[in-house]
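What follows is a single structure, written as structure tokens, with notes after it.
The values are calculated or read from the model by the stated rules, or taken from the named source; none is laboratory data. Source: prediction; values computed, not measured. Quick reminder, even Gly has a Cβ in these numbers, built from the backbone with ideal geometry, and neighbours come from all protein chains shown.
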């Protein structure tokens with residue numbers, strides 16, 4: 001049996017689907033099992049109950065782990081006989097740097113180290129920018145044709161969450177990714193301005209991205225969805241990525257046997273959110 005934390009989230013939902021499609025027994029952990037929409041045959045349970053008995057593989061979403069406590073969850077995994085842990089990490093973790101200088105990388109690397117210390121088999125899936133980060137523009141797009149944000153020319157290679165789920169599921173089902181940390185990207189490097197333009201093309205509206213100052217962006221971010229420390233870290237990354245195409249990782253295609261989904265495909269899958 002495979003246990004998936006964050007099973008109704010952006011990535012966990014795709015992990016559940018991939019495992020279910022492969023015929024695996026899956027237990028989906030979520031805050032509200034009664035409201036979870038899951039594939040046929042998938043059972044649901046409350047995350048805080050940590051029902052790991054009988055599990056051989058565990059998908060770890062860091063957001064869930066940090067809520068319930070890494071020590072508690074990992075100790076429970078060992079006691080329950082879990083053999084393999086696949087963790088959703090971040091490409092902010094730099095393999096040749098210790099300690100990590102980036103706070104996002106440092107936090108993920110600390111959890112990776114906790115997983116390694118269990119002595120269980122592990123795989124760390126390290127994606128870069130999530131395509132779902134574009135959801136931060138939903139309200140602006142619903143309100144008008146201009147998206148305001150920092151560093152219009154900052155280049156990312158946003159990855160579809162379904163591709164993360166496919167790689168994570170493969171790491172649980174097969175042995176060839178044990179001990180590996182595949183870094184994942186989407187198949188194309190796009191600026192923020194490019195991403196907004198593509199959203200417009202898919203939903204049939206002439207959208208454009210208008211750059212605001214670093215200071216204005218920090219104010220918005222720090223009073224919204226991230227801490228000031230994370231806002232500063234993200235803005236530094238964005239500044240460094242201006243007019244610098246993101247290297248494209250071959251790992252999605254290597255692991256899954258097919259090219260990664262494009263950003264336009266992601267928009268098509270999520271188009272209803274922008275209307």
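Across region 134-157, what is the total count of residues that are surrounded by fewer than 23 Cβ atoms within 10 Å (Cβ to Cβ), under 21 Å from residue 61 (Cα atoms) and at pLDDT 95 or above?
Residues that pass the stated criteria total 1.
For residue 171, are the conditions met, namely being in a helix (DSSP H, G or I), touching a helix residue (DSSP H, G or I) at 6+ places or on another chain (Cβ under 6 Å) and crowded, with 21+ Cβ neighbours inside 10 Å?
Numbers: in a helix (DSSP H, G or I): yes; touching a helix residue (DSSP H, G or I) at 6+ places or on another chain (Cβ under 6 Å): no; crowded, with 21+ Cβ neighbours inside 10 Å: yes.
Answer is no for this residue.
Determine, yes or no, whether residue 177 is in a loop (DSSP other than H, G, I, E, B), crowded, with 22+ Cβ neighbours inside 10 Å and either touching a helix residue (DSSP H, G or I) at 6+ places or on another chain (Cβ under 8 Å) or touching a residue at least 24 places away in the same chain (Cβ under 8 Å) (or both).
On the way: in a loop (DSSP other than H, G, I, E, B): yes; crowded, with 22+ Cβ neighbours inside 10 Å: yes; either touching a helix residue (DSSP H, G or I) at 6+ places or on another chain (Cβ under 8 Å) or touching a residue at least 24 places away in the same chain (Cβ under 8 Å) (or both): yes.
Criteria met by residue 177.
When you scan region 105-124, do you find a residue that is buried (at least 23 other Cβ atoms within 10 Å of the Cβ) and in a loop (DSSP other than H, G, I, E, B), even just one?
Scanning region 105-124 turns up no residue that is buried (at least 23 other Cβ atoms within 10 Å of the Cβ) and in a loop (DSSP other than H, G, I, E, B).
In the list 72, 78, which residue meets the criterion of being without any contact (Cβ under 8 Å) to a residue 40 or more places away in the chain and closer than 23 Å to residue 113 by Cα? So that I can check it myself, show each step before the final result.
On the way: 78 fails: without any contact (Cβ under 8 Å) to a residue 40 or more places away in the chain.
Residue meeting the stated conditions: 72.
So if I check each of 136, 140, 155, which one is at negative phi and in a strand (DSSP E or B)?
None of the other options fit; the residue is 155.
Among the residues of region 261-275, write down those that are surrounded by 13 or more Cβ atoms within 10 Å (Cβ to Cβ) and either over 15 Å from residue 133 (Cα atoms) or not assigned by TED's automatic domain parsing to the domain that holds residue 156 (or both).
261 - this is the single residue of region 261-275 that is surrounded by 13 or more Cβ atoms within 10 Å (Cβ to Cβ) and either over 15 Å from residue 133 (Cα atoms) or not assigned by TED's automatic domain parsing to the domain that holds residue 156 (or both).
For (1) surrounded by fewer than 16 Cβ atoms within 10 Å (Cβ to Cβ); (2) free of Cβ contacts under 8 Å to residues at least 24 places away in the same chain; (3) in a loop (DSSP other than H, G, I, E, B), each residue gets a yes or a no:
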site	(1), (2), (3)
186	no, no, yes
196	no, no, no
235	no, no, no
246	no, no, yes
259	yes, no, yes
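Among the candidates 134, 143, which residue alone is free of Cβ contacts under 8 Å to residues at least 60 places away in the same chain and more than 27 Å from residue 77 (Cβ to Cβ)?
Details: 134 fails: free of Cβ contacts under 8 Å to residues at least 60 places away in the same chain.
Just one listed residue meets the conditions, 143.
With the structure loaded, tell me whether residue 95 is surrounded by fewer than 16 Cβ atoms within 10 Å (Cβ to Cβ), part of a helix (DSSP H, G or I) and modelled with pLDDT under 95 or whether it fails that test.
Details: surrounded by fewer than 16 Cβ atoms within 10 Å (Cβ to Cβ): yes; part of a helix (DSSP H, G or I): no; modelled with pLDDT under 95: yes.
When the stated conditions are applied, residue 95 does not pass them.
So how many residues does region 17-57 have that are surrounded by 15 or more Cβ atoms within 10 Å (Cβ to Cβ) and either in contact (Cβ under 8 Å) with a residue 60 or more places away in the chain or not assigned by TED's automatic domain parsing to the domain that holds residue 88 (or both)?
5
Return the only residue of 217, 239 being crowded, with 16+ Cβ neighbours inside 10 Å and assigned to a helix (DSSP H, G or I). Steps first, answer last, please.
Working: 239 fails: crowded, with 16+ Cβ neighbours inside 10 Å.
So the residue among 217, 239 that is crowded, with 16+ Cβ neighbours inside 10 Å and assigned to a helix (DSSP H, G or I) is 217.
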